[in-house]
Amino acid sequence: MLADYHTHHYRCGHAEGTLADYVEAAIAAGLDEIGLSDHSPIYHLGNNPHPRPSTAMSQHELPNYVREMLDVRERYAGRITVRIGVESDYILGWDEHYRNLWRTYPLDYVIGSVHWLGSWNIFDHRLPADRSADDVYDEYLRTTQAAARSGAYDIIGHLDCLKTRGHIPDLSITPLLEETVRVIGECGLVVELNTSGWRKSCADCYPRAELLALCHHYGVPVTLSSDAHNPTQVAYAFDRAIALLKEIGYREIATFERRKRRMVSLG
Ligand SMILES: [Zn+2]
Ligand SMILES: [Zn+2]
């Protein structure tokens, strides 16, 4: 069984292609399931419903996105299983907002990703003013734990994504990192093996192998995810990902339907 649970499309303003393009790419790649999971709209940067058009869709566009996913799922029934989801921001203290928002729609799963610490985006090359890398990393991990506890999500997105711009000062397994993995497991969440880091400057998957092994140690299941921003990236480096998962000891991956998890055998 092979499934790619993390894909984007044109609505977020920085990805190419339509929802159907990603489903077609998944069929061509021989996948059994494709998950659609574009970026959630941004809610925490004031009253503007579309504050960063090249980062995420407008708040007004969300119902259209869900409607089109339902339509695409219907259209491809019998050819490939389409799961409908979203990659949602998590902002510290916004638990109720996201929990309620994602209950409004008939989604199969929600990926919770920490992209923002307040108004600072983790892909910014510069650290926020007056903050050290240690401070930022600490806040990132505590925010990730809060996301896991929020009850708004099924999957924690790209667990060590903060390393993309070199903002993780210590890549060893620190006590707070270990606690974070334990919390994710205790809350019944899943992490994703996100292959997109292999095509970025950090040249490493999320989470890195050592951290993925720690997830396995704490019994945290995984989904497979390309984080495709172009249909050609669907199932990106999945051979390498599957080999890594098996080497670590994973024999199954998680799939979701209407926010219920089902484990299926890998490969
Ligand atoms: Zn994106
Ligand atoms: Zn993301």
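The values are calculated or read from the model by the stated rules, or taken from the named source; none is laboratory data. Because the structure is a prediction, the values reported are computed rather than measured. Neighbour counts run over all protein chains shown; Cβ positions are idealised from the backbone, glycine included. Only protein heavy atoms, including side chains, enter the accessible area calculation; ligands, DNA and RNA are left aside. Shrake-Rupley method; radii C 1.70, N 1.55, O 1.52, S 1.80 Å.
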Choose one answer from 119, 58, 226: the residue with the largest mean-square fluctuation in a GNM of the chain with alpha-carbon springs under 10 Å.
119
Relative contact order for the chain, counting Cα pairs under 8 Å that sit 6 or more residues apart, in percent:
21
Measuring with a 1.4 Å probe in the full set of protein chains, what accessible area per residue, in whole Å², belongs to the range 94-173?
40
Can you report the principal axis dimensions of the range 131-188 using only the alpha carbons, biggest first, rounded to whole angstrom?
30, 19, 17
Answer in debye to the nearest 20: the dipole magnitude of the range 226-267 about its Cα centre, from +1 Lys/Arg and -1 Asp/Glu charges placed on Cβ, is 320
Calculate how many DSSP beta bridges within the chain are antiparallel, expressed in % of all such bridges and rounded to the nearest 5.
30
Listed highest first by mean packing, meaning other Cβ atoms within 10 Å per residue, what order do 2-13, 61-72 come in?
2-13, 61-72
Cα-derived Rg to Rh of the range 168-260, Kirkwood definition
0.96
Taking every alpha carbon pair in the chain and sorting the distances into 5 angstrom bins from 0 up to the bin holding the longest one, the percent per bin comes out as 1, 6, 14, 19, 21, 18, 13, 6, 2, 0, 0
Tell me which lysines have Cα within less than 20 Å of residue 163's Cα, excluding those fewer than 8 residues away on the same chain?
200
Tell me the mean residue ellipticity at 222 nm calculated for the chain from its helices only (DSSP H runs of n ≥ 4, each -39500 (n - 2.57), averaged over every residue, nearest 500).
-9500 deg cm²/dmol
Any chance you could run the full-extension gain for residue 123 through residue 97? It's 0.36 nm times the residue separation minus the Cα-Cα distance, nm to one decimal.
7.0 nm
For residue 40, what charge total do you get from the other residues with a beta carbon under 10 Å from its beta carbon, if Lys and Arg give +1 and Asp and Glu give -1?
-3
For the chain, which whole percent of the accessible surface, found with a 1.4 angstrom probe, sits on carbon and sulfur atoms?
47
According to the Kirkwood expression over distinct Cα-Cα pairs, how big is the hydrodynamic radius of the range 82-125, in Å?
11.6
Residues other than residue 11 with Cβ under 11 Å of its Cβ, Lys/Arg counted +1 and Asp/Glu -1, net out at -3
If the convex hull of the alpha-carbon atoms of the range 45-154 is projected onto planes in all directions, what is the mean projected area in square nanometres?
8.3
